[in-house]
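A quick write-up on the structure given underneath.
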Amino acid sequence: MKAVGARLPRYDGVAHVTGRTVFVDDIRVPGTLWVKALRSPVHHAAITGLDTSAAEAMKGVHAVITSEDVPLLEYGHLSALGIPADEPLLAKDTVRYKGQPIAVVAAEDEETAMAAVEAIGLDLEEKPALFDVRKAFDADAPVVHQWGNWYPHFEAEMDRRQIRKGDIDRAFDQADVIVQGVYRPAAIEHVPVETQSCQVVPEANGRLTIYSCTQALYFSLGVVAAHLQVPLNRLKVVGGTVGGGFGGKVDTATETMCCLLAQKSGRPVRWRWTREEEFLCSSTRAPWHMEIADAVTNDGWILGRKMLTLHDSGAYARFSPYGLTKHSFHHTGAYTIPNLHFDGYVVFTNRVPTTAMRGFGVTSISFATETHVSRVAEVIGIDPWELRLKNANRIGDTSPNGITYTDPSTVPVVKALAGGMGAELAPGLEAMTPAMREGDLLPEHLVAQMGNPEDH
């Protein structure tokens with residue numbers, strides 16, 4: 001109990017504030033080559049020509065790699081879970097977002113590497129691009145992905161994440177009011193102080209030592225080994241101090257390409273993204289489009305919710321199916337709604353692929369749910385604290401995917417918030433606890449709809 005509840009100094013605090021913390025970019029290995037990438041200058045195109053011969057012939061250039069040099073071109077972080085991979089490490093036949101890597105160069109210095117990138121011949125046949133998830137389902141929409149414009153590989157090869165609970169039609173028939181809202185949080189760049197960075201050193205015994213700023217060391221180890229088609233014991237990953245990640249450094253953005261260049265050149269290589277690259281090419285929190293319609297009684301009971309979510313995955317799936325799954329399980333927020341109809345789609349566009357960011361999949365729905373609950377309170381003219389407490393998750397209630405709550409915190413949290421804001425609660429609400437619901441707090445029609453909690 002020396003640590004629990006105690007104010008302890010951070011183990012890395014002094015090094016951080018005195019500038020002595022060692023990050024990946026601080027690693028210095030003699031003979032290290034600089035890495036630069038040829039990236040797509042357009043959002044969507046067919047690659048009709050790629051010629052690296054001039055770059056390879058330049059003095060000071062030690063290695064150039066393209067898709068032809070990758071033993072396993074497509075492998076994703078979720079492949080081990082049986083989720084099919086769709087993103088090539090380096091673009092082969094098409095480019096689907098501006099900044100997508102096509103070829104990567106290792107040279108004696110940064111200037112030579114940049115000049116070599118400029119010397120690569122690239123011919124593109126530009127295609128129409130899609131940027132609005134709402135248009136992805138139109139018959140005349142540009143086709144972004146080999147799977148179509150939305151992800152089709154959920155369980156049983158469904159093309160959406162679907163939740164059905166209770167009798168949604170009955171709930172909407174019994175409602176006094178239908179309250180609708182559309183919520184569209186935009187993409188957010190993580191903006192880590194440390195950009196994507198990697199150092200790879202080929203060892204005399206044939207192993208590769210990878211200094212990485214990854215947030216997910218074992219994820220990255222598995223991904224690199226799969227791309228290279230080598231056993232895990234041929235790689236040593238040194239996870240350095242992460243200079244800001246927030247979810248954005250789970251993508252293994254540089255490691256495999258640096259390994260391929262180190263293998264081809266026989267030299268250590270370093271790739272540090274510029275701030276421009278970080279903004280242009282690193283993944284973001286996804287934009288979301290969420291439509292909510294709630295069936296509500298005049299006295300503040302939410303009987304049912306219909307919801308449609310479009311998750312903008314960008315050009316490839318990456319972690320988006322996982323993010324949408326979390327999103328769907330939380331689409332009622334901190335509230336129990338007995339009747340649900342949810343459809344969620346992972347939609348492909350010609351944006352940079354999106355990825356995890358703090359609260360992946362849940363932050364967006366929390367924003368939408370709380371905004372919508374406040375809107376419901378305004379429409380029916382009820383105190384927003386009362387509305388939240390009436391519908392708060394209680395012991396014995398069930399989540400959208402049927403998990404029974406054993407220790408929900410909604411009631412004490414809402415009461416604490418109300419108290420902190422100086423709001424006065426009615427006596428019945430002030431006395432409320434997370435205990436299992438009883439009939440005195442529920443109108444007859446809601447009791448009838450909810451029935452046995454085990455049924456929901």
Picking from Leu50, Leu81, Leu73, Leu38, the residue that is of a type in the set (A, V, I, L, M) and modelled with pLDDT under 95 would be Leu81
Filter result (touching a Leu at 6+ places or on another chain (Cβ under 9 Å) and either among the hydrophobic types (A, V, I, L, M, F, W, C) or surrounded by 15 or more Cβ atoms within 10 Å (Cβ to Cβ) (or both)) within the range 161-186:
Arg161, Ile163, Lys165, Gly166, Ile168, Arg170, Ala171, Phe172, Gln174, Ala175
How many of the residues in the range 227-239 are under 22 Å from the mean Cα position of the chain (by Cα) and surrounded by fewer than 21 Cβ atoms within 10 Å (Cβ to Cβ)?
1
Of those in the range 52-88 that are of a type in the set (A, V, I, L, M, F, W, C) and in contact with a Ser or Thr (Cβ under 6 Å, 6 or more places away or on another chain), the residue surrounded by the fewest Cβ atoms within 10 Å (Cβ to Cβ) is Leu73
Just to verify a result, which residue in the range 342-366, among those that are farther than 19 Å from Ile163 by Cβ and not β-branched (Val, Ile, Thr), is surrounded by the fewest Cβ atoms within 10 Å (Cβ to Cβ)?
Arg358
Every residue in the range 140-163 that is over 24 Å from Phe367 (Cβ atoms) and touching a His at 6+ places or on another chain (Cβ under 8 Å), please.
Pro142, Val144, Trp147
Note down all Cβ pairs under 7 Å where the first residue falls in the range 17-29 and is within 18 Å of Tyr211 (Cβ to Cβ), the second is outside any loop (DSSP other than H, G, I, E, B) and of a type in the set (A, V, I, L, M, F, W, C), and they're at least six residues apart or on different chains.
Thr21/Ala15; Val24/Cys198; Val29/Val201
Residue list for the range 349-370, restricted to those being touching a strand residue (DSSP E or B) at 6+ places or on another chain (Cβ under 6 Å) and of a type in the set (Ser, Thr, Tyr):
Thr349, Thr354, Ser364
Need a quick list: strands (runs of 3 or more DSSP E) entirely within the range 75-168 having at least 1 residues that are of a type outside the set (A, V, I, L, M, F, W, C) and over 30 Å from Thr398 (Cβ atoms).
101-107, 121-126
Restricting attention to the range 14-51, which residues are among the basic types (Lys, Arg) and surrounded by fewer than 15 Cβ atoms within 10 Å (Cβ to Cβ)?
Arg20, Arg28
Check Val177, Val200, Val182 and return the single one that is among the β-branched types (Val, Ile, Thr) and touching a His at 6+ places or on another chain (Cβ under 9 Å).
Val182
Failed item in (1) under 30 Å from Ala262 (Cα atoms); (2) open to solvent by 20 Å² or more (accessible area, probe 1.4 Å); (3) touching an Asp or Glu at 6+ places or on another chain (Cβ under 6 Å), with Gly222 passing the rest:
(3)
Pairs under 6 Å by beta carbon, first residue within 15 Å of Pro71 (Cβ to Cβ) in the range 254-281, partner among the polar types (S, T, N, Q), six or more apart or different chains?
Glu255/Ser212; Glu255/Ser220
Checking the conditions here, which among Glu386, Glu370, Glu378 is of a type outside the set (S, T, N, Q), modelled with pLDDT of 95 or more and closer than 30 Å to Ala317 by Cα?
Glu370
Within the range 391-412, which residues are over 14 Å from Thr332 (Cα atoms), open to solvent by less than 40 Å² (accessible area, probe 1.4 Å) and outside any loop (DSSP other than H, G, I, E, B)?
Val411
Picking from Ser79, Ser40, the residue that is in contact with a Gly (Cβ under 7 Å, 6 or more places away or on another chain), touching a residue at least 12 places away in the same chain (Cβ under 8 Å) and of a type in the set (Gly, Ala, Ser) would be Ser40
Starting from the range 108-132, keep only residues that are open to solvent by 50 Å² or more (accessible area, probe 1.4 Å), then list their pairs with residues that are among the small types (Gly, Ala, Ser) and in a helix (DSSP H, G or I) whose Cβ atoms are within a distance under 8 Å, requiring at least 6 positions of separation or different chains.
none
Which one is farthest from His43 (Cα to Cα) among residues in the range 141-163 that are free of Cβ contacts under 8 Å to residues at least 12 places away in the same chain and of a type in the set (D, E, K, R)?
Glu155
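Here's the yes/no breakdown for (1) open to solvent by less than 50 Å² (accessible area, probe 1.4 Å); (2) closer than 30 Å to Gly13 by Cα; (3) of a type in the set (A, V, I, L, M):
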residue	(1), (2), (3)
Ala204	no, no, yes
Cys213	yes, yes, no
Thr254	yes, yes, no
Cys258	yes, no, no
Lys264	no, no, no
Of all residues in the range 111-129, how many are over 26 Å from the mean Cα position of the chain (by Cα) and within 24 Å of Ser283 (Cβ to Cβ)?
7
Residue selected from the range 370-384 under the condition of a type outside the set (Val, Ile, Thr) and in a helix (DSSP H, G or I), by the criterion surrounded by the most Cβ atoms within 10 Å (Cβ to Cβ):
His372
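The values are calculated or read from the model by the stated rules, or taken from the named source; none is laboratory data. Predicted model, so just to flag it, every value in this text is computed and none were measured. Cβ coordinates were reconstructed from backbone atoms using ideal geometry, including for glycine residues, and neighbour counts include every protein chain displayed. Calculation scope for accessible area: heavy atoms of the full protein, side chains included, ligands and nucleic acids excluded. Shrake-Rupley method; radii C 1.70, N 1.55, O 1.52, S 1.80 Å.
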